[in-house]
1. Tally the residues that are more than 9 Å from chain B (Cβ to nearest Cβ) and either closer than 19 Å to B:Leu93 by Cα or touching a Leu at 6+ places or on another chain (Cβ under 6 Å) (or both), restricting the search to segment A:109-129.
2. Just to be sure I understand, how many residues within segment B:10-43 are within 8 Å of another protein chain (Cβ to nearest Cβ) and either acidic (Asp, Glu) or at negative phi (or both)?
3. When you look at B:Gly283, is it at pLDDT below 95 and either surrounded by 16 or more Cβ atoms within 10 Å (Cβ to Cβ) or touching a Ser or Thr at 6+ places or on another chain (Cβ under 7 Å) (or both), yes or no?
4. With the structure loaded, tell me whether A:Asp106 is more than 12 Å from chain B (Cβ to nearest Cβ) and either surrounded by fewer than 22 Cβ atoms within 10 Å (Cβ to Cβ) or closer than 30 Å to A:Leu256 by Cα (or both) or whether it fails that test.
5. Test each condition in (1) surrounded by fewer than 17 Cβ atoms within 10 Å (Cβ to Cβ); (2) at pLDDT below 95 for B:Ser234 and report the one that comes out false.
6. How many residues are small (Gly, Ala, Ser) and more than 30 Å from B:Gly199 (Cα to Cα) when one looks only at segment B:240-265?
7. Go through segment B:161-183 and count every residue that is farther than 30 Å from A:Ile139 by Cα and surrounded by fewer than 17 Cβ atoms within 10 Å (Cβ to Cβ).
8. Can you spot a residue in segment B:189-196 that is surrounded by fewer than 22 Cβ atoms within 10 Å (Cβ to Cβ) and part of a helix (DSSP H, G or I)?
There are 2 protein chains.
Amino acid sequence: MAKTTIETVGEFNLIEHLSKTIECTQPSTVKGIGDDAAVVHYGQAETLVSTELLLEGIHFDLTYTPLKHLGYKAVVAGISDLYAMNATPRQILLAIGLSQRFHVEDLDELYAGVRTACARYGLDLVGGDTAPSMTGITIGITAIGEAPKDKIVYRSGGKKTDLLCLTGNLGAAYMGLQLLEREKRVFDGQPDKQPRLEGYEYILERYLKPEARKDIIDSLAAIDLKPTAMIDVSDGLASDTLHLCRQSQCGVCIYLERLPIAAETFRMADEIHIDAVTAALNGGDDYELLFTVPIDAYDTLRKELPQIDIIGHLCDAAEGACLITPDNQAIALRAQGWK
Amino acid sequence: MAKTTIETVGEFNLIEHLSKTIECTQPSTVKGIGDDAAVVHYGQAETLVSTELLLEGIHFDLTYTPLKHLGYKAVVAGISDLYAMNATPRQILLAIGLSQRFHVEDLDELYAGVRTACARYGLDLVGGDTAPSMTGITIGITAIGEAPKDKIVYRSGGKKTDLLCLTGNLGAAYMGLQLLEREKRVFDGQPDKQPRLEGYEYILERYLKPEARKDIIDSLAAIDLKPTAMIDVSDGLASDTLHLCRQSQCGVCIYLERLPIAAETFRMADEIHIDAVTAALNGGDDYELLFTVPIDAYDTLRKELPQIDIIGHLCDAAEGACLITPDNQAIALRAQGWK
């Protein structure tokens, strides 16, 4: 069936078409889509806002990223920053730039993913912007949320001897991406070949449909344990740990053998001769939470949230940021550069 | 002098380099740049948020747009939406995607423009995102502001017989753009030729360095006149009037001879054989405010704010949206399509 060009529909009707499937259910949403700005009201709580760009060719490749997944992932990327402040995201704004190769049906797919994520995380899509673009698709995602003043966790609150804690595992999304890139290269050479993806469902899902760690924020609140500092791991553990340390004016020791890495991540890494630990340190797209707690929270954490890994501890800034190998060698922790 | 590549500086130091010139002065800013999200607190007022994308090749052409002007204009485009809600912008977030052809010095220029706009409008730059891009420069601007609940003006509050009012004049930015495009074509053919821009300073400034109408919002507040509906004119008067009418469930009559058009706009239009009224209706980039007031506010408006033009009035939805020509013919008002 022929697809509908955005030109024939017109921006006017396009926005109406896209908005009609959008419903606002959050009590804090005063005004959603359809005006110059969204209006929200959180009463005495603080308002938190973060924004992020997702650019085609850099953050995603539509050869193997379904638009529905892209929409979902954009929302997750946006709200992950708010969870990392121990806040609750409530609303999102979505700005989209689209080149002529995209049609109304493509936008419907993207929005389907956005809606699914909104339903899963209890978010209202309250506004945005749709504009033509010269090349590809550009997504700007803005997340708005709230937190009581005394619950907000900054990157800067870490103290030396605090335990460094990590949710989930690392490097899986990166290895999922490597698999997709490999199969894309194979497909480019032999278009009749089917991609071989079986047995790697987990790492593919970690890349294509990541989740934000709302569950952990809820669990920490339930046991009344407030981290001293927190950041989401989206650029790779190395880079994000260094951000936390710099803001907290601390050094850090991370024990390499404690880095949580999934079996599938190891298997894929082996298969394509990449070091799994390097993927864990620099891979990115993990959307896990890295946080610190006072050392006397150790027992509580172990008992109540045994799924969280304690991968190291903060130390004096003068000691720097180190990775400790299993044979007790210290290696300087470095962030990967601008790619 | 050789420019500094972003790669050699690294994202880490780049953000630190860019942030060190940023100072937060708004009392409502709780946390600015340097964490996962910005934190603001407006107390009992409502929070307003809008977001917009500016894409190279669509929204701007760097051949004739200095990066400093681009930074300034991005801020104006972002906050204009908040003034259009009768709100006060307080903070902005800036997300930038940059291809390899841009250097640290280019970003400095862009930020210089952003800082100038922030100082002029009383804004804090509280966060954002800097990412590599495949092609050109992409800017995502998010504006955050506040307004007491009873002061917010929506697009939907217009009633039939309300007067349709417009600030400033229309089509100037569009004609400035046409002039720049003409001189670019001349320059492409004869690179040694200097562009001829003299005598057109006003329309060039309207395109390259527009202002948001904070002054009008302040003036309306000073005489305690709250518009019934309001929108900013950024996509062209035709399109934005239709948005206001649709949301207010009204029709509209606009008197063509009342459209405010500057002398320079007429002169440029004549010179390049474009109809100035068409430029006024569909040009875009005006950043003026279009608003409605009850008919009994006529005397107050004429006396207190004589610089504001009353260009028509709302009417019953069944009467549709019409332009009335000087010889009293009615023409249907139509929005331009997706470009």
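1. Going through segment A:109-129, the residues more than 9 Å from chain B (Cβ to nearest Cβ) turn out to be A:109-125.
Subset that is either closer than 19 Å to B:Leu93 by Cα or touching a Leu at 6+ places or on another chain (Cβ under 6 Å) (or both): A:109-111, A:118, A:125.
Residues in segment A:109-129 being more than 9 Å from chain B (Cβ to nearest Cβ) and either closer than 19 Å to B:Leu93 by Cα or touching a Leu at 6+ places or on another chain (Cβ under 6 Å) (or both): 5 in total.
2. 13
3. Working: at pLDDT below 95: yes; either surrounded by 16 or more Cβ atoms within 10 Å (Cβ to Cβ) or touching a Ser or Thr at 6+ places or on another chain (Cβ under 7 Å) (or both): yes.
For B:Gly283, the condition - at pLDDT below 95 and either surrounded by 16 or more Cβ atoms within 10 Å (Cβ to Cβ) or touching a Ser or Thr at 6+ places or on another chain (Cβ under 7 Å) (or both) - is met.
4. Working: more than 12 Å from chain B (Cβ to nearest Cβ): yes; either surrounded by fewer than 22 Cβ atoms within 10 Å (Cβ to Cβ) or closer than 30 Å to A:Leu256 by Cα (or both): yes.
For A:Asp106, the condition - more than 12 Å from chain B (Cβ to nearest Cβ) and either surrounded by fewer than 22 Cβ atoms within 10 Å (Cβ to Cβ) or closer than 30 Å to A:Leu256 by Cα (or both) - is met.
5. With (1) surrounded by fewer than 17 Cβ atoms within 10 Å (Cβ to Cβ); (2) at pLDDT below 95 applied to B:Ser234, the lone miss is (1).
6. Going residue by residue through segment B:240-265, those that are small (Gly, Ala, Ser) are B:248, B:251, B:262-263.
Then keep just the ones that are more than 30 Å from B:Gly199 (Cα to Cα); that gives B:248, B:251.
Total satisfying the criteria: 2.
7. Within segment B:161-183, residues that are farther than 30 Å from A:Ile139 by Cα and surrounded by fewer than 17 Cβ atoms within 10 Å (Cβ to Cβ) number 2.
8. In the first step, residues of segment B:189-196 are kept if they are surrounded by fewer than 22 Cβ atoms within 10 Å (Cβ to Cβ); the result is B:189-196.
Keeping just the survivors that are part of a helix (DSSP H, G or I) gives B:189.
Scanning segment B:189-196 turns up at least one residue that is surrounded by fewer than 22 Cβ atoms within 10 Å (Cβ to Cβ) and part of a helix (DSSP H, G or I).
The values are calculated or read from the model by the stated rules, or taken from the named source; none is laboratory data. Model, not experiment: these values are computed from the prediction. With ideal geometry, Cβ positions are generated from the backbone for all residues, glycine too; neighbour counts draw on all protein chains shown.
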